[in-house]
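No value in this document is a laboratory result; all are computed from the given coordinates. Computed from a prediction, not measured in an experiment: that's the story for all the values here. Neighbour counts are summed over all protein chains in view; Cβ atoms, including those assigned to glycine, are modelled from backbone coordinates with ideal geometry.
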Amino acid sequence: MTPVVESLLQGVPVLLLHLAVSVFVLLAALGIYMTISPHRQIPMVRAGNTAAAVVLGGTAVSLAIPLAFCLAGAVNAWDILLWGIVTLTVQVITAVLVDLLILPNLPRRIASGDMAAAALVTGLKLAMAALLAASVAV
């Protein structure tokens, strides 16, 4: 067997394990965020509310960014799991604080489709995610 094929056979299971752990941590964090968030985005998105879709999509990306940096620097699946839990806990708290503190009546504004509010909170969550990701990468 060639070294390239051997490398591939050894690397693919590791890739799949790391990806599975990362997706699990991401989905868990997103589920926690949706549970404690002051608004219920999924029903609003299903009803066609673009502002809710922007906030939920932006939140998902803001959770994935620090997790991606954990994944990039990880030495094994436990490393991804532990640092993923730490970073996503910080990011979920940040996301909820942004939702609660930045704009008055945010849940009502998102429910009414206020794209300005959705864009602002999404941008703030992404900015915090970038800072958290950089903090993890050092």
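A few points about this structure:
- Residue order, fewest to most beta carbons within 10 Å, for VAL45, VAL121: VAL45, VAL121
- Computed from the Cα positions only, the extents of the chain along the three principal axes stand at 61, 32, 21 Å, in decreasing order.
- For the pair ALA72 and LEU17 in one chain, pulling the backbone fully straight at 0.36 nm per residue adds 18.4 nm over the alpha carbon distance.
- Subtracting the Cα-Cα distance of ASN105 and ALA60 from their residue separation scaled by 0.36 nm leaves 14.0 nm.
- The sum of -39500 (n - 2.57) across all DSSP H runs of n ≥ 4, divided by the residue count of the chain, sets its helix-only mean residue ellipticity at 222 nm to -29500 deg cm²/dmol.
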